[in-house]
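J.: Structure provided below as C-alpha cells; questions to follow.
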Amino acid sequence: MEKMKDLENPFEGWKRNIGDPETNEAKKLEQLVALIPFARNIAQYTGQSEAFRNLTKVLHIKKGSPDDISTKDLKFKDLEDILVQVIKIEQNTISQFHDKKVLDTIIAACDSYNERAATTFKLEQKILLSIGIRLKTEVKIIEKLDDDNFLEGVSKNKTKALIDEYIIRDSDNNEARAFV
C-alpha cells in the first residue's frame, strides 16, 4: 500500500525518504535532486524570488559573482534553508550532504546510470537525468561560445537561448547541428 501512495504523490514520499535513516545514500540524493524542480516551482508560485533564483542555479549553469555563488560551487548546505522554507523538510535532514557539490553529484549520478547501462529508471532518476543532460549541454555550449557578454544578457529560457546562439554562430558546422 505504501508504494501506491508514493506513486500517487512521489513528492511526499521523497521528502519522507530523504529524512529516513534507513534510506540508502544514493536513493536519498536522487530524491533530493528530484525535489529541487518542484521546490523551485513552488518558490516561483508563492513569490519567494530569492529561493526561486537560488534553486534555478541547480537547473541552469549560472556564473558566480562576489555576492553570489555559482552553479559549479553550489553545495547542498547552500540549499538546505531554502528547502526547509519552501517545501518544509526538517532542518538538518540533508546535513550528511552539506559538503557535496550539487552539480558534481548530479553529473556523477548520470555517469553511474550510463556505466551500468541502465534501461529502466524510476521517476526521480528520470528527473535527475533530465537535469544532468541539460546542465552538461549548457556547459558544453557555454565553452564553445566563450562569450561572457552574451551569457550576461540571457535571463530567461537559457537552454534555448544557448542552443539558438550556438546554431547561429556555427550554422555551417555540422557538429553544431548534430550536437543539438
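The values are calculated or read from the model by the stated rules, or taken from the named source; none is laboratory data. This one's a predicted model, so the numbers in the text were calculated from it and none came from an experiment. For neighbour counting, all protein chains shown are included, and Cβ atoms are generated from backbone atoms with ideal geometry for every residue, glycine included.
J.: Need the failing condition index for residue 89 against (1) over 22 Å from residue 138 (Cα atoms); (2) of a type outside the set (Phe, Trp, Tyr); (3) without any contact (Cβ under 8 Å) to a residue 12 or more places away in the chain; (4) not in a helix (DSSP H, G or I), just the number.
T.: Every condition holds for residue 89 apart from (3).
J.: Can you tell me which residues in region 146-161 are in a helix (DSSP H, G or I) and exposed (fewer than 12 other Cβ atoms within 10 Å of the Cβ)?
T.: Within region 146-161, 148, 149, 152, 160 qualify.
J.: Name the single residue, out of those in region 1-15 being over 18 Å from residue 121 (Cβ atoms) and at pLDDT 90 or above, that is surrounded by the most Cβ atoms within 10 Å (Cβ to Cβ).
T.: 15
J.: Here's another thing I want to ask about it. Scanning region 53-77 for residues that are touching a Ser or Thr at 6+ places or on another chain (Cβ under 8 Å) and among the aliphatic types (A, V, I, L, M), which turns out nearest to residue 98 (Cα to Cα)?
T.: In this case the residue turns out to be 58.
Residues checked against (1) within 16 Å of the chain's Cα centre (by Cα); (2) of a type in the set (Lys, Arg):
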| position | (1), (2) |
| --- | --- |
| 22 | no, no |
| 28 | yes, yes |
| 33 | yes, no |
| 42 | yes, no |
| 54 | yes, no |
| 58 | yes, no |
| 68 | no, no |
| 74 | yes, no |
| 82 | yes, no |
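J.: Sticking with this one: Mind checking which pairs have a first residue in region 148-167 that is of a type outside the set (D, E, K, R) and a second that is in a loop (DSSP other than H, G, I, E, B), Cβ under 8 Å, 6 or more apart or different chains?
T.: The qualifying pairs are 151/63; 159/60; 161/154; 162/154; 163/180; 166/180; 167/180.
Here is a yes/no grid of residues against (1) assigned to a helix (DSSP H, G or I); (2) touching a Ser or Thr at 6+ places or on another chain (Cβ under 8 Å); (3) over 26 Å from residue 42 (Cβ atoms):
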{"site": "85", "(1), (2), (3)": "yes, no, no"}
{"site": "114", "(1), (2), (3)": "yes, no, yes"}
{"site": "134", "(1), (2), (3)": "yes, yes, no"}
{"site": "144", "(1), (2), (3)": "yes, no, yes"}
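J.: Which residues, counting only those in region 40-58, are under 14 Å from residue 76 (Cα atoms) and surrounded by 19 or more Cβ atoms within 10 Å (Cβ to Cβ)?
T.: 51, 54, 55, 57, 58
J.: Would you mind stating whether residue 15 is closer than 22 Å to residue 139 by Cα and charged (D, E, K, R)?
T.: It is false that residue 15 is closer than 22 Å to residue 139 by Cα and charged (D, E, K, R).
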